[in-house]
Amino acid sequence: MAGTKIVSLLLVCMVVVAPMVTDAAITCGTVVSLISPCVNYLRGTVPLSQACCSGVKALNAQASTTQDRQTTCGCLKAAAGGVNANRAAGLPSQCGVNIPYKISPNTDCSKIT
């Protein structure tokens, strides 16, 4: 039941963020799909999994342009509610990925290049 609520929240976030991005090749649907194996880790209920890190790495590889990175940031920012903020912020480095911003509700995605 809680997993359904998280998926519903992510879908709502996709609807809210999607109209703001039109030129990006990556979509919030892609972001949600790739990070879905991370949801329980981000809620603090399970250890970090290889499936989660594989999704994080794939997402990083797909976000190759400034617009893609800004879109990904916006999607992650919108979906960050209900998760452990420290785990969300540390997820990229835990998976061996370097991103130029912090995953946080306070991140200004428009400044990401």
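The values are calculated or read from the model by the stated rules, or taken from the named source; none is laboratory data. Computed from a predicted structure; not experimentally measured. Please note that ligands, DNA and RNA were not included when accessible areas were found on the heavy atoms of the full protein model with its side chains. Shrake-Rupley method; radii C 1.70, N 1.55, O 1.52, S 1.80 Å.
Of all accessible surface on segment 17-101 at a 1.4 Å probe, what whole percent is carbon and sulfur?
Carbon and sulfur: 51 percent of the exposed surface of segment 17-101.
Give the accessible surface of segment 41-113 per residue, rounded to a whole number of Å², with probe radius 1.4 Å and ligands, DNA and RNA excluded. Before the final figure, lay out each step's value.
Working: 3770 Å² over 73 residues.
For segment 41-113, the per-residue accessible area is 52 Å².
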